[in-house]
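First up is the structure itself, then whatever we jot down about it.
Here, each number is a calculation from the coordinates, and none is a lab measurement. What you are looking at is a predicted structure, and each value in this text was computed from that prediction instead of being measured. Methodologically, a virtual Cβ is constructed for each residue, glycine included, from the backbone with ideal geometry; neighbour enumeration extends over all protein chains shown.
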Amino acid sequence: MEQELSLPQPQEVVAQELKQQKVYISKVKELLGQRYLRQPLAYVHTYGCQGNVADGEKLKGFLRDMGYGFASCKEEADLVLYNTCAVRENAEKKLFGKIGELKALKEQKPELLIVLCGCMMQEETVTEKIQKSYRQVDLILGTHVMHLFPQLLHQALCSKGLVVEAANRENVIAEGLPVQRESAFQASVQIMYGCNNFCSYCIVPYVRGREVSRQPQHILQEVTQLVQQGYKEILLLGQNVNSYGKGLEENITFAQLLRQIDAIPGDFWVRFMTSHPKDCTKELIDTIAQCPKVCRQVHLPVQSGNDRILKQMNRQYTRQQYLELIDYAKSTIPDVSFSSDIIVGFPGETYEEFLDTLSLVQQVGYQNLYTFIYSKRNGTKAAQMEDPVPEKEKARWVNQLIQAEYAVSDKLNLAYEGKTIRVLAENESSEQDGCLMGHNSQGVLVKFPAPKELLGQFVNITVTQGRRAVLYGEPAAPKTV
Ligand code: SAH
Ligand code: SF4
Ligand code: F3S
């Protein structure tokens with residue numbers, strides 16, 4: 001009788017691999033101790049989205065645990081790590097320029113280690129090009145094997161040639177990775193990885209693989225701990241948070257997860273991105289309205305306001321369905337603000353079709369808009385489409401869109417004058433000494449005079465001037481009873 005082979009489950013493999021990483025962390029530490037008479041320094045730079053930034057914090061966590069300190073520039077570093085983004089061609093071109101610059105640095109300092117990871121490293125054409133023409137690189141680490149960083153760095157430290165590990169395995173969830181957070185009061189929490197949507201222009205599903213959700217108890221545990229440590233703002237991350245929960249044993253929607261997070265005791269804010277309009281439910285909008293800790297800001301990328309283009313983009317909603325959602329949110333959450341991503345100049349888009357996007361932007365009244373000129377990504381469906389409109393013309397359309405958006409957001413900001421709003425003090429303002437800056441629940445930038453001691457705290461600010469992209473204000477007088 002044929003015996004069925006029972007292969008270990010992917011999660012078991014990851015658990016085993018994570019155990020091994022502890023051993024490699026010690027091994028690397030020991031090697032570094034022999035190699036340097038002082039603490040070695042790493043320079044880490046992350047490109048791309050918040051999800052990549054969150055990965056960068058984990059890579060830094062590993063580096064810290066392996067004994068590295070952090071340098072503020074590449075010239076001071078013993079290890080340079082670029083965590084790359086593949087979403088637009090320009091970003092890729094720039095990155096190749098950056099890797100090129102490291103050649104001279106490595107010639108001056110032959111023991112310099114160069115590590116590349118992130119989404120670009122999931123593209124075969126990129127890794128091939130690096131192997132052929134950028135021989136200064138020591139380690140290429142794909143996103144699916146990020147949790148093997150100590151093991152692979154150990155290999156790179158022990159070998160002379162380039163180490164490449166960008167295997168296209170399934171997305172796995174590696175819990176409990178070390179993390180070196182950039183801020184003591186704002187934290188990102190990834191709730192899922194990958195994307196299943198295959199919007200026709202987008203490379204993310206190819207480089208990041210299929211969607212997987214983290215177990216809700218792991219997310220709740222992480223947020224609870226962060227709040228206990230004093231974090232004031234939690235950013236929940238996923239390429240399409242609205243499909244959170246699919247494939248999990250437990251029956252749970254993103255709205256339900258949000259409710260459970262809102263119920264965690266403490267004074268903190270919750271934001272999330274990104275919501276895909278096709279999966280954005282009325283349940284989610286009702287949840288935002290009913291959860292006081294959830295910020296009154298919905299980032300709902302529309303990409304285009306024209307039905308033919310939306311169809312070509314494979315976005316799976318129409319202009320009308322999108323506007324209905326916006327109307328429902330406006331009537332359910334009275335103080336809501338919206339933001340969006342827009343692609344201008346999708347292959348075959350006409351000026352008339354672009355004007356539909358322009359009118360939608362005016363109709364919705366976005367507080368913030370992120371506009372991109374279409375960038376061809378090989379391997380995607382849109383890359384096969386005719387794209388006759390010249391880049392210069394597309395740039396003209398984008399400018400027109402930006403001007404229209406200014407008119408909308410200037411008006412929204414002016415309406416803030418005289419109002420008192422709650423703001424998280426996040427940074428010192430670069431504009432003026434003695435001033436801090438932060439955002440309100442709606443995601444608007446606010447600048448105000450206040451002492452540094454207030455960083456990381458919520459403050460009430462009375463807005464004195466509502467300007468383009470920024471509100472200026474004064475700390476509100478304490479209430480007298
Ligand atoms: N998951 C998110 C977006 C992630 S990528 C969502 O679905 O909304 C961030 C933004 O980059 C996208 O919203 C889109 O506006 C832009 N983008 C993606 N691919 C692009 C391309 N090929 N050219 C130009 N912009 C692109
Ligand atoms: Fe790209 Fe679409 Fe996935 Fe967003 S939802 S990451 S735009 S494929
Ligand atoms: Fe870029 Fe990868 Fe994010 S391609 S936008 S860093 S998921």
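Quick grid of which residues meet (1) touching a Cys at 6+ places or on another chain (Cβ under 8 Å); (2) among the hydroxyl-bearing types (Ser, Thr, Tyr); (3) under 27 Å from Thr287 (Cβ atoms):
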| position | (1), (2), (3) |
| --- | --- |
| Gln303 | yes, no, yes |
| Leu310 | no, no, yes |
| Leu323 | no, no, yes |
| Ile326 | no, no, yes |
| Thr332 | no, yes, yes |
| Ser340 | no, yes, yes |
| Glu349 | no, no, no |
| Leu358 | no, no, no |
| Gln363 | no, no, yes |
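Could you please give the count of residues in the stretch 218-250 that are assigned to a loop (DSSP other than H, G, I, E, B) and either in contact (Cβ under 8 Å) with a residue 40 or more places away in the chain or over 20 Å from the mean Cα position of the chain (by Cα) (or both)?
13
Would you tally the residues in the stretch 435-470 being under 25 Å from the mean Cα position of the chain (by Cα) and either part of a strand (DSSP E or B) or among the aliphatic types (A, V, I, L, M) (or both)?
Step one: filter the stretch 435-470 for residues under 25 Å from the mean Cα position of the chain (by Cα), giving 436-447, 455-458, 468-470.
Subsequent filtering for residues that are either part of a strand (DSSP E or B) or among the aliphatic types (A, V, I, L, M) (or both) retains 436-440, 444-447, 455, 458, 469-470.
Summing the residues that are under 25 Å from the mean Cα position of the chain (by Cα) and either part of a strand (DSSP E or B) or among the aliphatic types (A, V, I, L, M) (or both) in the stretch 435-470 gives 13.
Would you confirm whether any residue within the stretch 251-272 is of a type in the set (Asp, Glu), assigned to a helix (DSSP H, G or I) and over 30 Å from Pro347 (Cα atoms)?
yes
Among (1) in contact with a strand residue (DSSP E or B) (Cβ under 7 Å, 6 or more places away or on another chain); (2) among the small types (Gly, Ala, Ser); (3) surrounded by 15 or more Cβ atoms within 10 Å (Cβ to Cβ), there is one condition Gly434 misses while meeting the rest; what is its number?
Here Gly434 meets the rest and fails (3).
For Glu75, work out the one condition from (1) away from ligand 1 (no atom under 16 Å from the Cβ); (2) surrounded by fewer than 16 Cβ atoms within 10 Å (Cβ to Cβ); (3) farther than 23 Å from Val28 by Cα it doesn't fulfil.
It is condition (3) that Glu75 fails.
What number goes with the only condition from (1) out of contact with any Lys or Arg (no Cβ under 6 Å at 6 or more places or on another chain); (2) crowded, with 20+ Cβ neighbours inside 10 Å that Ile203 does not pass?
(1)
Only one of Tyr82, Tyr36, Tyr68 is in contact with a His (Cβ under 6 Å, 6 or more places away or on another chain) and either more than 10 Å from ligand 3 (Cβ to nearest atom) or farther than 30 Å from Tyr374 by Cα (or both). Can you tell me which?
Selected residue: Tyr82, the only one of Tyr82, Tyr36, Tyr68 that is in contact with a His (Cβ under 6 Å, 6 or more places away or on another chain) and either more than 10 Å from ligand 3 (Cβ to nearest atom) or farther than 30 Å from Tyr374 by Cα (or both).
Which residues, counting only those in the stretch 370-406, are touching a residue at least 40 places away in the same chain (Cβ under 8 Å), away from ligand 3 (no atom under 16 Å from the Cβ) and among the aliphatic types (A, V, I, L, M)?
Result: Met385, Val389, Val398, Leu401, Ala404.
Could you run through the stretch 324-377 and say how many residues are in a loop (DSSP other than H, G, I, E, B), more than 23 Å from Asn440 (Cβ to Cβ) and in contact with a Ser or Thr (Cβ under 7 Å, 6 or more places away or on another chain)?
Here the count works out to 1.
Quick check on this structure: which one of Ala91, Ala166, Ala187, Ala104 is surrounded by fewer than 22 Cβ atoms within 10 Å (Cβ to Cβ), away from ligand 3 (no atom under 16 Å from the Cβ) and among the hydrophobic types (A, V, I, L, M, F, W, C)?
Criteria check complete, one pass: Ala104.
Out of curiosity, is Ser200 of a type in the set (Ser, Thr, Tyr), more than 16 Å from ligand 2 (Cβ to nearest atom) and either part of a loop (DSSP other than H, G, I, E, B) or under 30 Å from Asn242 (Cβ atoms) (or both)?
No: the conditions fail for Ser200.
Within the stretch 278-298, can you find the residues that are within 16 Å of ligand 1 (Cβ to nearest atom) and either of a type in the set (A, V, I, L, M, F, W, C) or crowded, with 21+ Cβ neighbours inside 10 Å (or both)?
The answer is Cys280, Leu284, Gln297, Val298.
Okay, residues lined up against (1) among the basic types (Lys, Arg); (2) more than 27 Å from Leu32 (Cα to Cα); (3) touching a residue at least 40 places away in the same chain (Cβ under 8 Å); (4) not in a loop (DSSP other than H, G, I, E, B):
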| residue | (1), (2), (3), (4) |
| --- | --- |
| His144 | no, no, yes, yes |
| Leu148 | no, no, yes, yes |
| Ala156 | no, no, yes, yes |
| Lys160 | yes, no, no, no |
| Gln180 | no, no, yes, no |
| Ser188 | no, yes, yes, yes |
| Asn196 | no, yes, yes, no |
| Val207 | no, yes, yes, yes |
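Restricting attention to the stretch 299-316, which residues are buried (at least 20 other Cβ atoms within 10 Å of the Cβ), away from ligand 3 (no atom under 16 Å from the Cβ) and not in a helix (DSSP H, G or I)?
Leu300, Val302, Ser304, Gly305, Asn306, Met313, Arg315, listed by residue number.
Output the number of residues of the stretch 334-377 satisfying the condition of being hydroxyl-bearing (Ser, Thr, Tyr) and in contact with an Asp or Glu (Cβ under 6 Å, 6 or more places away or on another chain). Before you say what the answer is, go through the steps one by one.
First, the residues of the stretch 334-377 that are hydroxyl-bearing (Ser, Thr, Tyr): 337, 339-340, 350-351, 357, 359, 366, 370-371, 374-375.
Now drop any that are not in contact with an Asp or Glu (Cβ under 6 Å, 6 or more places away or on another chain), which leaves 370, 375.
Residues in the stretch 334-377 being hydroxyl-bearing (Ser, Thr, Tyr) and in contact with an Asp or Glu (Cβ under 6 Å, 6 or more places away or on another chain): 2 in total.
Which one is farthest from ligand 3 (Cβ to nearest atom), of the residues in the stretch 330-362 that are surrounded by fewer than 21 Cβ atoms within 10 Å (Cβ to Cβ) and among the hydroxyl-bearing types (Ser, Thr, Tyr)?
Looking at residues that are surrounded by fewer than 21 Cβ atoms within 10 Å (Cβ to Cβ) and among the hydroxyl-bearing types (Ser, Thr, Tyr), I get Ser331.
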